[in-house]
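Asks: Could you have a look at this structure, given as structure tokens, before my questions?
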């Protein structure tokens, strides 16, 4: 599954973006749970997005849920790196696909409902997009390898 060099580098790239996403969401979780002012890039409106009505699900900040999401992705990616099973790859594919859809929705909310953009939120959305596309490529590559193995065995 991850035997060739290209797939190993792709998995490493995915792991790097998982680390970026995890660091980003841990920072945002800390900010939202301690009521410290967020440091944002000039022209950004991070505090308006992070304090909007859409920044929590019940009492839980979305940033904390994002950190849990990235930790779950890292868990399955490490499992995939150690034990290259289809089940681990499918878990990554479904989890990253779910994260991608949620990121699209949250980006939509920033643009069209809140009317402000948060650099950190967009960083997380970008990381999730790269992760999802990378895992799609890994899955596609895995299917090709599986079909070649079937042809060789017949």
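Asks: Roughly speaking, what is the centre-to-centre gap between the stretch 92-129 and the stretch 1-80 when only Cα atoms are used, to the nearest Å?
Replies: 10 Å
Asks: Give me 35, 24 ranked fewest to most by other Cβ atoms within 10 Å of their Cβ, as a rough exposure proxy. Could the numbers behind the result be given before it?
Replies: Details: 35 7, 24 23.
With the fewest neighbours first, 35, 24 line up as 35, 24.
Asks: By how many degrees, 0 to 90 and rounded to 10, does the Cα axis of helix 119-153 deviate from the longest principal axis of the chain?
Replies: Approximately 10 degrees, to the nearest ten.
Asks: Right, here's the next one. Return the FRET efficiency for the residue pair residue 68, residue 6: r is the Cβ-Cβ distance, R0 is 30 Å, and the value is rounded to the nearest 0.05.
Replies: Plugging the Cβ-Cβ distance into 1/(1 + (r/R0)^6) gives 0.50.
Asks: On a 0 to 90 degree scale, rounded to 10, what angle separates helix 86-108 from the longest Cα axis of the chain?
Replies: 30 degrees
Asks: Between rounded, prolate and oblate, where does the chain land on the alpha carbon gyration tensor, with a ≥ b ≥ c its root eigenvalues, rounded for a/c under 1.5, else prolate if a/b exceeds b/c?
Replies: Numbers: a/c = 2.74, a/b = 2.49, b/c = 1.10.
Taking the square roots of the gyration eigenvalues as a ≥ b ≥ c, the chain is prolate.
Asks: Measuring from label point to label point, each 7 Å out along Cα→Cβ, what is the residue 37 to residue 116 span in nm?
Replies: Each label point lies 7 Å from its Cα, and together they span 1.3 nm.
Asks: Tell me the angle of helix 62-82 to the major Cα principal axis of the chain, expressed in degrees between 0 and 90 and rounded to the nearest ten.
Replies: Around 20 degrees separate the two axes.
Asks: Taking 30 Å as R0, compute the FRET efficiency from the Cβ-Cβ separation of residue 75 and residue 108 and round it to 0.05.
Replies: Values: r = 28 Å, r/R0 = 0.94.
Computed FRET efficiency for residue 75 and residue 108: 0.60.
Asks: Please give the FRET efficiency for residue 60 paired with residue 94, using the beta carbon to beta carbon distance and R0 = 22 Å, rounded to the nearest 0.05. Numbers along the way, then the final one.
Replies: On the way: r = 21 Å, r/R0 = 0.98.
Efficiency, from the Cβ-Cβ distance: 0.55.
Asks: Counting each DSSP H run of 4 or more residues in the chain as -39500 (n - 2.57), what helix-only mean residue ellipticity at 222 nm follows after dividing by all residues, to the nearest 500 deg cm²/dmol?
Replies: After summing the helix terms and dividing by residue count, I get -26000 deg cm²/dmol.
Asks: Now a separate question. Compute the normalised compactness of the stretch 82-134: alpha-carbon radius of gyration over 2.2 N^0.38 Å, N being the residue count. Don't skip to the answer; put the middle values down first.
Replies: Working: Rg = 13.5 Å, N = 53, 2.2 N^0.38 = 9.9 Å.
Output field value: 1.36.
Asks: Highest mean first, how do 106-118, 78-90, 58-70 rank when packing is the count of other Cβ atoms within 10 Å averaged over residues?
Replies: Working: 106-118: 16.2, 78-90: 14.6, 58-70: 18.0.
So the order, starting with the most tightly packed, is 58-70, 106-118, 78-90.
Asks: On to the next question. When a footprinting reagent is the concern and you count Cβ atoms within 10 Å, what order do 40, 121 take, fewest first?
Replies: On the way: 40 17, 121 27.
Ascending number of Cβ neighbours within 10 Å: 40, 121.
Each value in this text was obtained by applying a stated rule to the coordinates, not by laboratory testing. The structure displayed is predicted, hence computed values, not measured ones. Don't worry about glycine lacking a Cβ; one is built from the backbone with ideal geometry, like all the others, and counts go over all protein chains shown.
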